[in-house]
Amino acid sequence: MTARASREAAVVVRVKIPSPLRSYTGAAEVTVAVPVLAPELPPTVGGVLAALDGAYPGIRFRIIDEQRQLRPHIKLFVGGTLTRDLATPLTSESEVMIVAALSGG
Amino acid sequence: MTRTKVAARPAPARRIRLLVATRKGLWTLTSDVARNGWKLAGPQFLGHIVHHAVCDPRDGKTWLAAARTGHLGPTVFRSADSGRTWKEATRPPAFAEAGGRVVDHTFWLTPGHASEPGVWYAGTSPQGLFRSADAGATWEGVAGFNAHPQRKAWCGGDQDGTPDGPKMHSILIDPRDRAHMYIGMSGGGVFESVDAGADWRPLNKGVRADFFPGPPPEFGHDPHCVRFAGANPDRLYQQNHCGIYRIDRPSDTWQDIGATMPKSVGDVGFPVAVHPRDPDSLWVLPMDGTSVWPRTAPGGRPAVYRSRDGGKTWKRQDQGLPRSQAWWTVKRQAMTTDTRDPMGLYFGTTSGEIWGSRDEGRSFRCLARHLPHIFALEAWC
């Protein structure tokens, strides 16, 4: 399933979760409902993280810092495209993949 | 504040538990009553970078652990049942959104005053002071420090300082007066507050800062570890980047007590440990601060140095420790004492060994090995 509008003016988004964050979700993949505030304001990646935090409290701060920036070793892919911009809009086919990438010991 | 000493009695003969915070998780090392046999348990939070784990002496069962991973942002875990189950803070230490600063990790945890159960303080990297009033569930910045107009001048930039980031450490709460606090910062120096953190003033007179030109500045120093002198909170000891110091309040000038260390060993190190009942007794663990600063045991021959007279003289204690080729590094949070009589002294190395003495440093033996890089040891009984 990919993003789709629901009757509650929300988009349901599939999110792939990396192993370092599965202590929150308990699953490698979850779906979250991202509210659509207005037709001209499509949901964004930032909205997905807020929805994730609502469902799994604390997860957002592990991904982005207090200045709303992605943490250095976290990558976000929206529909297969890398982005670091939390304002990236979701399309109706969007799937969000969170990747935790770290090398070294 | 009232200038009195604090009564301290030896802990009854009970087992000792060490909380072992490492670069790869949290372990516990628990003794039998004789402190002869030791049992390692763990890991918890395997793979997490645990900078500090502390048991609350006010209830004996609340543990807090400051953790992050290589990927993920910093958080605080808390246990109300001596480490059996853990919950994550719902609001970990974080700077104000508008300020542009980012907490890299929480480095130091201090339980609050005995009259304020549930209150904890945290020091972060870069330098920030945070307070929790609910046993670590939620944290608020202490604006009197974090938003102080001189904060940046005191601390320098957030990228300055020690190799793994500038940090606030050694948060000390006067046991006689909850509003009276000290903090240490690398870099920044030692600061004092008499109004529960609403305002701060530097307390660095007499301390060298060899990395600055000219006479020592008012702030910008590099204290590595600051401790109250056991039962006398009017005395503090400090292992600094540039020597070992003692201050006896209300004096505002530190005395250089490292000058009497053997010249071949020097006065560089990270931790300082104190006797819980004898304010004249302290221990340092020298590191090589020559040439390019290896920060290893001088000559590969580790030892602690004890003073029984407030730093006037020192005695080498190395019985049981390796005699050669032991190039240990011991970090600032990684040496601690228990409250038994005779007192136990413990330290952990970055190469993952824990060494302990149950006779106040007269003899040591290895209690655990093969652990990850040890950041901190805290003893509890």
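Quick grid of which residues meet (1) at the interface with chain B (Cβ under 10 Å from one of its Cβ atoms); (2) in contact (Cβ under 8 Å) with a residue 60 or more places away in the chain; (3) not hydroxyl-bearing (Ser, Thr, Tyr):
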{"site": "A:GLY26", "(1), (2), (3)": "no, no, yes"}
{"site": "A:VAL36", "(1), (2), (3)": "no, no, yes"}
{"site": "A:PRO72", "(1), (2), (3)": "yes, no, yes"}
{"site": "A:ALA100", "(1), (2), (3)": "yes, yes, yes"}
Test for B:PHE145: is it in contact (Cβ under 8 Å) with a residue 24 or more places away in the chain, buried (at least 18 other Cβ atoms within 10 Å of the Cβ) and within 14 Å of another protein chain (Cβ to nearest Cβ): no
Please indicate, with yes or no, whether at least one residue in the range B:153-165 is surrounded by 15 or more Cβ atoms within 10 Å (Cβ to Cβ), assigned to a helix (DSSP H, G or I) and at pLDDT 95 or above. yes
If only one of B:ASP81, B:ASP134, B:ASP59 is more than 27 Å from B:ARG176 (Cα to Cα) and part of a loop (DSSP other than H, G, I, E, B), which one is it? B:ASP81
Within the range A:32-89, which residues are outside any loop (DSSP other than H, G, I, E, B) and small (Gly, Ala, Ser)? A:ALA33, A:ALA38, A:GLY46, A:GLY47, A:ALA50, A:ALA51, A:GLY54, A:ALA55
For the range B:131-148, indicate whether the set of residues that are under 21 Å from B:LYS331 (Cα atoms) and among the hydroxyl-bearing types (Ser, Thr, Tyr) is non-empty. no
How many residues are crowded, with 19+ Cβ neighbours inside 10 Å and not in a strand (DSSP E or B) if we restrict to the range B:171-207? 8
Provide a single number: the residues in the range B:55-81 that are at pLDDT below 95 and of a type in the set (S, T, N, Q). 1
Checking B:TRP139 against (1) within 18 Å of the chain's Cα centre (by Cα); (2) closer than 23 Å to B:ALA179 by Cα, the condition it does not meet: (1)
Of the listed residues (A:LEU76, A:LEU70, A:LEU82), the one being modelled with pLDDT of 90 or more, crowded, with 17+ Cβ neighbours inside 10 Å, in contact with a strand residue (DSSP E or B) (Cβ under 7 Å, 6 or more places away or on another chain) and more than 18 Å from B:THR75 (Cα to Cα) is A:LEU76
For a quick check of your reading of the model, give me the residue pairs whose first member lies in the range A:40-61 and is within 13 Å of another protein chain (Cβ to nearest Cβ), whose second is of a type in the set (Phe, Trp, Tyr) and in a helix (DSSP H, G or I), with beta-carbon atoms closer than 9 Å and at least 6 apart or on different chains. A:ASP53/A:PHE61; A:TYR56/A:TYR24; A:PRO57/A:TYR24; A:GLY58/A:TYR24; A:ILE59/A:TYR24
Yes/no for B:VAL102 being β-branched (Val, Ile, Thr) and touching a residue at least 60 places away in the same chain (Cβ under 8 Å): no
Which residues, counting only those in the range B:94-105, are facing chain A (nearest Cβ under 7 Å) and more than 22 Å from the chain's Cα centre (by Cα)? B:PHE95, B:GLU97, B:GLY100, B:VAL102
Filter the range B:86-119 down to residues that are surrounded by 15 or more Cβ atoms within 10 Å (Cβ to Cβ) and part of a strand (DSSP E or B), then give me how many there are. 9
Considering B:ARG84, B:ARG68, B:ARG91, B:ARG78, which residue is farther than 21 Å from B:GLY128 by Cα and either of a type in the set (Lys, Arg) or facing another protein chain (nearest Cβ under 8 Å) (or both)? B:ARG84
For a quick check of your reading: which strands (runs of 3 or more DSSP E) sit entirely within the range B:208-323 and have at least 1 residues that are in contact with a helix residue (DSSP H, G or I) (Cβ under 9 Å, 6 or more places away or on another chain) and either among the aliphatic types (A, V, I, L, M) or crowded, with 21+ Cβ neighbours inside 10 Å (or both)? B:282-286
If I filter the range B:29-52 for residues that are among the small types (Gly, Ala, Ser), without any contact (Cβ under 8 Å) to a residue 60 or more places away in the chain and either at the interface with chain A (Cβ under 10 Å from one of its Cβ atoms) or within 29 Å of B:SER115 (Cβ to Cβ) (or both), do I get at least one hit? yes
Please give the number of the condition A:VAL30 fails out of (1) surrounded by fewer than 15 Cβ atoms within 10 Å (Cβ to Cβ); (2) modelled with pLDDT of 95 or more; (3) farther than 26 Å from B:ALA98 by Cβ; (4) of a type outside the set (Phe, Trp, Tyr). (1)
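The values are calculated or read from the model by the stated rules, or taken from the named source; none is laboratory data. None of these values were measured; they are calculated from a predicted model. For neighbour counting, all protein chains shown are included, and Cβ atoms are generated from backbone atoms with ideal geometry for every residue, glycine included.
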